[in-house]
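**Student:** Quick one: the structure is below, and I'll ask about it shortly.
Readers should treat all values here as calculations from the given coordinates under stated rules, not as data from a laboratory. Nothing here was measured: the structure is a model prediction, and the numbers come from that model. Here the Cβ positions follow ideal geometry from the backbone for every residue, glycine too, while neighbour counts run over all protein chains shown.
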Amino acid sequence: MNNLTEEILTVDFDEFVEGNSSKFNIEEGSYDSAEVVGYSIVNATFEGKETKRVHLIWQFSDGENVHTIRGNGWTISANEKSTFRKEISNWFNTIDWGNVCDIFVKGGILVKGEDGKAHFELDKFIGKKGKLLIQKKTSKAGKSYAVIASISPCKNKKATFEHDSVPAFMVEGDDVLEAKLADGITVRRKEENGEEGGKEEQGKQNAPAPADTFEEDLPF
């Protein structure tokens, strides 16, 4: 296991399974200039089989507050029915998988190793932008939470906002195999009284956001 800190985290069950991590209520709607500030790779079980899933960690501003939300779990797959392929195709604004792969290669995300196998460089997503469509769902316990319904190309790539800390459960825990955050992003924990705040630590394995070396015609 590859945790960001040595501490063991305890979080509310509903908070963990729902994945709604913002300190503020997220309203339904479209939010442009959302930015990927990190990712985590977690163990998951699908149809009785263990698998690994990638969650991008996004932040965006609604004009008043900065929100953090974890993306849907991706199993990296070229299968046209996979959530990964559907969301990536929408984000890149193309349904042609060949075009998607060209973008991956051009952006340094997909590389061919010396072993001839495809390697996915998740670090290259950090710092990239998109437009998020946020919708609300209701848990079995009757609680409302926000999810990313879709990702589309960013309209205003130059818009900026001050980043917030990331909730610890996104990047720590027994199910987390690997996690990285952009340089300067801290990890937020809950104090013993359950209130957010308190000590914020720099993730020990935080990776600096890569320089923006993508071409202007790429959909980030």
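**Student:** Would you please report the Å³ per residue occupied by the convex hull of the alpha carbon atoms in the range 65-133?
**Tutor:** Output value, Cα hull per residue: 112 Å³.
**Student:** Sticking with this structure for a sec: Could you calculate the FRET efficiency of ALA118 with LYS158 from 1/(1 + (r/R0)^6), where r is the beta carbon distance between them and R0 is 35 Å, rounded to 0.05? Don't skip to the end; give the middle numbers.
**Tutor:** Numbers: r = 32 Å, r/R0 = 0.93.
E(calc), rounded to 0.05, equals 0.60.
**Student:** On a full-extension model of 0.36 nm per residue, what is the gain between GLU50 and PHE24, subtracting their alpha-carbon distance, rounded to one decimal in nm? Don't skip to the end; give the middle numbers.
**Tutor:** On the way: separation 26, 0.36 × 26 = 9.36 nm, distance 3.34 nm.
Going from the current span to full extension adds 6.0 nm.
**Student:** Quick check for you: which residues of the range 107-127 have the amide N under 16 Å from the point 7 Å beyond the Cα of THR94 toward its beta carbon?
**Tutor:** Answer for the range 107-127: 107-111.
**Student:** Calculate one ³J(HN,Hα) per residue across the range 145-153 by plugging θ = phi - 60° into the Karplus curve 6.51 cos²θ - 1.76 cosθ + 1.60, and present them in order as whole Hz with x for glycine and proline.
**Tutor:** Calculated HN-Hα couplings, in order: 8, 9, 9, 7, 7, 6, 10, 10, x Hz.
**Student:** Within straight cross-link reach of LYS86, meaning Cα distance under 21 Å, which lysines are found once same-chain residues fewer than 8 apart are removed?
**Tutor:** LYS52, LYS106, LYS124, LYS128, LYS129, LYS131, LYS136, LYS137, LYS155
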